Amino acid sequence: MPRTALVTGGSRGIGAAISVALKNAGYQIAANYAGNDEAAKTFTDETGIATYKWSVADYDACKAGIAAVEADLGPVEVLVNNAGITRDAMFHRMTPEQWREVIDTNLTGVFNMTHNVWPGMRERKFGRVVTISSINGQKGQMGQANYSAAKAGDLGFTKALAQEGAKAGITVNAVCPGYIGTDMVMAVPEKVREGIIAQIPVGRLGEPDEIARCVAFLVSDEAGFITGSTISANGGQFFV
């Protein structure tokens, strides 16, 4: 039986590329999404990958959503925490709501999802958890105190949980993308985009498929000795 992989935010952008890459690698895929029904339907029609709607910021919704996925596809053995939002603002203008929304989705959402698959992974003595953090969780970014804090928290979570999962056959890793040519990045003004590219030593934006290949490796059997690690896929823009 193929392993079941659940990708949050899995119907658009980097998440969609991850979902397709894992499907091509032989996994059964469930792609979670939060709100864009039209995009999710299009994604399913084009790829055949089932989509499931819930907010990762809601613990009970995660529990119910995972139960639905497992009823359809079997136990979740691979979890990719990709769902994320931005609510950018300079700190002196940032509202408590902007702070909470980003923390609730980008950090607490990782807890909510992982906590609900962790017992099953421990019982089966196998699991793969990969969380998509960000270059801005490593270096910080002006106007993103909320986002940078959440993504940095994801890295601390990864390192701590990797130590707990190791003896149970569960690996826990992170990927930190730099600037990727998603719809969100391509929508910024061309001059701004040119300024971003000028800071990337390889001279271009990354491709969603390049992040997907990092994830496909980390969840594979070949990566069983890698845990608590971070892959920085940023074109040389920032070194750790």
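Worth pointing out:
- If the condition is being in contact with a strand residue (DSSP E or B) (Cβ under 8 Å, 6 or more places away or on another chain) and small (Gly, Ala, Ser), then region 14-38 contributes Gly15, Ala16, Ser19, Ala30, Ala31, Ala34, Gly35.
- Residue list for region 133-150, restricted to those being touching a strand residue (DSSP E or B) at 6+ places or on another chain (Cβ under 8 Å) and of a type outside the set (Val, Ile, Thr): Ser133, Ser134, Gly137, Gln138
- Inter-residue pairs, beta-carbon under 6 Å, first of a type outside the set (Val, Ile, Thr) and in region 87-98, second surrounded by 10 or more Cβ atoms within 10 Å (Cβ to Cβ) and outside any helix (DSSP H, G or I), 6+ apart: Asp88/Gly143; Asp88/Gln144; Met90/Gly143; Gln98/Arg87; Gln98/Ala89
- Residue within region 97-107 that is outside any helix (DSSP H, G or I) and crowded, with 23+ Cβ neighbours inside 10 Å present: yes
- Residues considered: Glu70, Glu46, Glu77, Glu38. Of these, the only one that is charged (D, E, K, R), surrounded by 18 or more Cβ atoms within 10 Å (Cβ to Cβ) and modelled with pLDDT of 95 or more is Glu77.
- Of all residues in region 138-163, those satisfying the criterion of being among the polar types (S, T, N, Q) and more than 13 Å from the chain's Cα centre (by Cα) are Gln138, Gln141, Gln144, Asn146, Ser148, Gln163.
- Residue in region 10-19 that is farthest from the chain's Cα centre (by Cα), counting only those that are surrounded by 23 or more Cβ atoms within 10 Å (Cβ to Cβ) and over 11 Å from Thr51 (Cβ atoms): Ala17
- Only one entry of Trp118, Trp99 meets the criterion of being over 19 Å from Val80 (Cβ atoms), at pLDDT 95 or above and among the aromatic types (Phe, Trp, Tyr), and that entry is Trp99.
- Screening Glu222 against (1) closer than 20 Å to Asn106 by Cβ; (2) outside any loop (DSSP other than H, G, I, E, B) leaves a single unmet condition, (1).
- All of Ala166, Ala150, Ala160, Ala174 fail the test of being assigned to a helix (DSSP H, G or I) and either modelled with pLDDT under 95 or buried (at least 22 other Cβ atoms within 10 Å of the Cβ) (or both), apart from Ala150.
- Selection from region 64-88 of residues that are under 16 Å from Val219 (Cβ atoms) and either acidic (Asp, Glu) or in contact with a helix residue (DSSP H, G or I) (Cβ under 9 Å, 6 or more places away or on another chain) (or both): Pro75, Val76, Glu77, Val78, Leu79, Val80, Asn81, Asn82
The values are calculated or read from the model by the stated rules, or taken from the named source; none is laboratory data. Predicted, not measured: the structure shown is a model, and the values here were computed from it. Counting neighbours? That spans all protein chains shown, and the Cβs are built from the backbone with ideal geometry, glycine included.
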